[in-house]
Amino acid sequence: VQLKETGGGLVQPGGSLKLACVASGSISIQFMRWYRQAPGKEREFVAAIAWSGGSATVVDSVKGRFTASRDKASATAYLEMNNLQPDDTAVYYCNTYPADDWGQGTQVTVSS
């Protein structure tokens, strides 16, 4: 599966962004996961969504602000991010389970 993330950018604190991850190729996905990696830090798990049923979970640090969703018809996963804070600055990646495919990442910068 090939993955391509879009939707990153520069946003002020309190702002919003919606990331998209388009999957192509031989698609066999059980879960789509979102990770992020801030400068000088390890990559961390952010959210996951079950591809079939659509149930989603997010890490506690973004709960109430980030929402994961997907559109099976277009093979696209989304990560909607609200009330962004400087600590959310990172490169965001989507990742498939069980194949463990990765996208190239999209930069999110939260700064005034």
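Throughout, read-outs are computed from the coordinates displayed, never taken from laboratory work. If you're wondering where the values come from, they're calculated on a predicted model, not measured in any experiment. Cβ: placed from backbone, ideal geometry, glycine included. Neighbour counts: every protein chain shown.
Nothing charged except the Cβ atoms of Lys and Arg (+1) and of Asp and Glu (-1): what's the magnitude of the dipole of the chain about its Cα centre? Round to the nearest 20 debye. Each step should come with its number before you reach the end.
Details: 10 positive and 10 negative charges, 31 e Å.
Its charge dipole is roughly 140 debye.
What are the lysines whose alpha-carbon lies under 16 Å from the alpha-carbon of LYS4, with same-chain residues fewer than 8 places away excluded?
The reachable lysines, counting only those whose Cα sits under 16 Å from LYS4, are LYS18, LYS72.
Report the net charge of residues surrounding THR67, where surrounding means a beta-carbon distance below 13 angstrom and charges are Lys +1, Arg +1, Asp -1, Glu -1. Mind showing how you got there, number by number?
Numbers: positive: LYS18, LYS63, ARG65, ARG70; negative: GLU80.
Charge balance near THR67 sits at +3.
Just name one of ALA50, GLY105, TYR35: the one whose Cα is farthest towards the positive end of the charge dipole of segment 22-112 (beta-carbon charges, Lys/Arg +1, Asp/Glu -1).
The listed residue farthest towards the positive side: ALA50.
What does the charge count near ALA50 come to, summing +1 for each Lys or Arg and -1 for each Asp or Glu among other residues with Cβ under 13 Å from its Cβ?
That sum, taken over residues with Cβ under 13 Å, equals +3.
Expressed in nm to one decimal, what extension gain is obtained for the pair SER112 and GLU44 from 0.36 nm per residue of sequence separation less their Cα-Cα distance?
This chain segment gains 22.1 nm when fully extended.
Once the other residues with Cβ under 15 Å from the Cβ of SER112 are scored (Lys, Arg +1; Asp, Glu -1), what is the net sum? It would help to have the intermediate numbers written out before the result.
Numbers: positive: none; negative: ASP87, ASP88.
My count for the surroundings of SER112 gives -2.
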